[in-house]
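Inspection log for the structure reproduced underneath, given as structure tokens.
What follows draws every value from the coordinates through simple rules; no lab data is involved. This structure is a prediction, so every number in the text was calculated from the model and none was measured. Because the Cβ atoms are built from the backbone with ideal geometry, glycine has one as well, and the counts that use them run over all protein chains shown.
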Amino acid sequence: MRIGVLGAGRMTEALVPGWIRAGHDVLIGGRTPAKAEDLAQRVGAKAGTLREAAEFGDVLLLAVLLAGLEETLVAAGGPEGALAGKTIIDCGNAVDLSDFSRIAFEGGMSMAEEVARLAPGAHVVKAFNQAHGDVWKMRPPAFDGRPFAVPIAGDEEGKAAARTLITDLGAESLDAGDLTQARHLEAMAIIVIRLLFSGYDPLSVFAFTGGTGATTT
Ligand SMILES: NC(=O)c1ccc[n+]([C@@H]2O[C@H](COP(=O)([O-])OP(=O)(O)OC[C@H]3O[C@@H](n4cnc5c(N)ncnc54)[C@H](OP(=O)(O)O)[C@@H]3O)[C@@H](O)[C@H]2O)c1
């Protein structure tokens with residue numbers, strides 16, 4: 001797969017190495033070119049501008065803070081239709097780190113739905129938003145011997161790409177529904193983020209067990 005990355009921060013650093021190992025071709029684009037180049041060199045990817053990353057990828061990883069969302073998608077050409085037909089995997093969270101009680105968007109809308117608004121025609125999927133980046137340093141990411149489950153929400157084409165990239169990291173996908181369900185995935189993430197900020201282990205995760213197959217009485 002050709003993966004263009006919008007954002008050159010911690011989540012990009014966490015996810016890209018596994019995709020490179022799986023044989024994908026990755027170009028990292030960042031607001032700050034020196035950071036994108038430095039990170040790309042460390043993980044074995046190419047580097048470029050946000051627009052170049054958007055043009056390069058059939059699938060895009062969007063890994064930016066909420067404050068940079070609009071600026072990033074404008075730079076990538078989203079509102080002008082340049083991302084139509086591409087898959088955008090959004091790992092972000094609509095969270096205000098200075099006030100966890102604040103609802104970022106009118107009506108409780110998610111960051112992923114805002115991505116869809118700013119990138120008309122793109123296949124948007126929410127994924128990778130719930131776990132700290134350190135989880136992706138585990139090989140494989142597993143807890144008590146069970147593969148880590150990554151919930152995904154979005155349209156079918158977006159989810160198909162996300163499933164492949166989750167499997168390539170040694171994890172399992174968990175279909176949480178359409179893009180409206182990103183609201184709930186982001187709300188869940190805020191619970192984890194608050195705990196991490198209060199000193200919890202970065203490997204703290206919601207562990208979906210998928211049932212045992214046993215009958216109950
Ligand atoms: N870190 C985690 O463990 C983790 C886990 C799950 C989900 N997430 C989510 O993933 C997203 C990315 O997190 P991260 O930890 O990778 O973030 P990060 O390292 O702080 O930064 C990621 C990117 O966001 C850009 N950015 C930040 N503020 C901006 C602004 N005002 N305008 C334009 N660009 C801006 C940065 O550009 P510069 O380099 O130019 O500053 C950088 O390229 C967030 O929404 C976060 O909630 C993070």
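If the segment from residue 134 to residue 10 were pulled out straight at 0.36 nm per residue, it would be longer than the present Cα-Cα gap by 43.7 nm. Here the gap between residue 146 and residue 204, fully extended at 0.36 nm per residue and compared with their Cα-Cα distance, gives a gain of 19.4 nm. When each of 169, 97 is scored by the number of other beta-carbon atoms lying within 10 Å, the sequence from fewest to most is 97, 169.
Got a sec? Which residues in segment 116-149 would a label at residue 191 touch, if it sits 7 Å along Cα→Cβ and we count backbone N under 11 Å? Within reach of a label on residue 191: no residues. Amide H contacts of residue 45 (H built 1.01 Å from N, in plane; Pro and chain starts excluded): no residue 5 or more places away or on another chain comes under 5 Å. On a per residue basis, the convex hull of the C-alpha atoms belonging to segment 68-138 measures out at 108 Å³.
Evaluate E = 1/(1 + (r/R0)^6) for residue 99 and residue 25, where r is the Cβ-Cβ distance and R0 equals 45 Å; express this FRET efficiency to the nearest 0.05. Calculated value: 0.65.
The DSSP beta bridges internal to the chain are antiparallel in roughly 15% of cases. The ranking of 28, 191 by Cβ neighbour count inside 10 Å, starting from the fewest, reads 191, 28. The modelled label-to-label distance between residue 49 and residue 106, using points 7 Å beyond Cα along the C-beta direction, is 3.2 nm.
Based on the Stokes-Einstein relation at 25 °C and a viscosity of 0.890 mPa s, and on the Kirkwood radius from alpha carbon pairs, segment 131-210 is assigned a translational diffusion coefficient of 185 µm²/s. Of the GluC sites (Glu not before Pro) found in segment 17-126, those in coil by DSSP whose Cβ has at most 15 other Cβ atoms within 10 Å are 80. Pairwise Cα separations in the chain fall into 10 Å bins from 0 onward with the following percentages, short to long: 9, 36, 38, 15, 2, 1, 0. Loop-resident trypsin sites (Lys or Arg not before Pro) (DSSP state other than H, G, I, E or B) in segment 72-181 with no more than 15 further Cβ atoms inside 10 Å of their Cβ: 102. In order along segment 122-128, the Karplus-derived 3J(HN,Hα) couplings, from 6.51 cos²θ - 1.76 cosθ + 1.60 at θ = phi - 60°, round to 7, 8, 9, 9, 8, 7, 6 Hz, and Gly and Pro are given as x. Each Cα pair under 8 Å and six or more residues apart adds its sequence gap; the mean of these over the residue count of segment 1-134 is a relative contact order of 24 percent.
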